Ligand code: DGY
């Protein structure tokens, strides 16, 4: 039996490669930069499997070009780069990598929160610049974190992991979500469900943890910033388009909010020039980027592919209804 042919738009890590190579005939994209779109479309033409990153659009056009494709395995938990409905229509299984990156992403949301509150970016620049003249009473005074109110938008696995860390800072945790979480999720972290407007008015730090959906695109717009306190910081490790960047820039310019710490952007890798200001901490989409976690994500994607070709149900399907089409 010939091995199923798979295109992998990244080299992955050795652990994941071993899993894929054992049962599949895999073609890897090896250059350091991301493959051009046309290259991916060309490479998938004769493939039954695709392992891709969130930088690859799996849309109608790509699917049309790949009539043999049976699975698109994303190495990410977010799958807004995949047109799931189009995959389902064409009988293509789509998978993601949930769970393994929650704690690492929560760590990074806190990294950003602390960096923007305590002006670490500005301090680091000063320390490296050679212009630091020594300790001074009013130098780069930031905002306290402990005892403040943390507002979490999206109380799923990652939002809850962010909330757990707030316990150590003696913070009040409030959250909002489409539906209220069960008591056993709220109680251990002392989180209280609030409507969005109350959260906007009360939180000192607002951390976003919603997936990018039609309902969450542009969720943080001008009216939302208007409701926030001028001392509040926005932290976004979810998806860039959840925030209306032009509205955020306007809110920062008019001092409607105190600052922002961002890992994700509306049109990555483009960063709105208005965000490049001292009270904004900018990271290049790093939230899940620990070696341990990224390795687990790659292994998970590889296992999803292999299990499908071994006749099993891939463990992390985002469109299980596709199986009815087979
Ligand atoms: C994801 O998994 O969706 C992240 O954004 C990449 O870490």
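Yes/no matrix, rows are residues, columns are (1) in contact with a helix residue (DSSP H, G or I) (Cβ under 8 Å, 6 or more places away or on another chain); (2) in a loop (DSSP other than H, G, I, E, B); (3) within 16 Å of the ligand (Cβ to nearest atom); (4) not assigned by TED's automatic domain parsing to the domain that holds residue 215:
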position: 257; (1), (2), (3), (4): yes, yes, no, no
position: 297; (1), (2), (3), (4): no, no, yes, yes
position: 301; (1), (2), (3), (4): yes, no, yes, yes
position: 312; (1), (2), (3), (4): no, yes, no, yes
Inset, instruction - Evaluate the following for residue 122: is it assigned to a helix (DSSP H, G or I), surrounded by fewer than 20 Cβ atoms within 10 Å (Cβ to Cβ), within 16 Å of the ligand (Cβ to nearest atom) and touching a residue at least 40 places away in the same chain (Cβ under 8 Å)? - result: no
Inset, instruction - Could you identify the single residue in 79, 108 that is outside the structural domain of residue 300 (by TED's automatic domain parsing) and more than 16 Å from residue 295 (Cα to Cα)? - result: 108
Inset, instruction - Name the residue, out of 77, 116, 162, that is in a helix (DSSP H, G or I) and out of contact with any helix residue (DSSP H, G or I) (no Cβ under 7 Å at 6 or more places or on another chain). - result: 116
Inset, instruction - Name the residue, out of 25, 59, that is away from the ligand (no atom under 16 Å from the Cβ) and within 21 Å of the chain's Cα centre (by Cα). - result: 59
Inset, instruction - Return the only residue of 106, 73 being within 16 Å of the ligand (Cβ to nearest atom) and closer than 30 Å to residue 206 by Cα. - result: 106
Inset, instruction - Output the residues belonging to segment 266-290 that are within 15 Å of the ligand (Cβ to nearest atom), more than 13 Å from the chain's Cα centre (by Cα) and either in the same structural domain as residue 81 (by TED's automatic domain parsing) or surrounded by 13 or more Cβ atoms within 10 Å (Cβ to Cβ) (or both). - result: 290
Inset, instruction - Would you please name the residue that is surrounded by the most Cβ atoms within 10 Å (Cβ to Cβ), looking only at residues in segment 233-265 that are touching a residue at least 60 places away in the same chain (Cβ under 8 Å) and more than 23 Å from residue 54 (Cβ to Cβ)? - result: 233
Legend entry - Residues (out of contact with any strand residue (DSSP E or B) (no Cβ under 9 Å at 6 or more places or on another chain) and in a helix (DSSP H, G or I)) located in segment 46-62: 60, 61
Inset, instruction - Report whether or not residue 134 is on the phi > 0 side of the Ramachandran plot, touching a strand residue (DSSP E or B) at 6+ places or on another chain (Cβ under 8 Å) and at pLDDT 95 or above. - result: no
Legend entry - Identity of the residue in segment 77-103, within 12 Å of the ligand (Cβ to nearest atom) and out of contact with any strand residue (DSSP E or B) (no Cβ under 9 Å at 6 or more places or on another chain), that ends up farthest from residue 150 (Cα to Cα): 80
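The values are calculated or read from the model by the stated rules, or taken from the named source; none is laboratory data. The structure presented is a predicted model; accordingly, all values stated were derived computationally and were not measured. Glycine also receives a Cβ, built like all others from the backbone with ideal geometry; neighbour counts cover every protein chain displayed.
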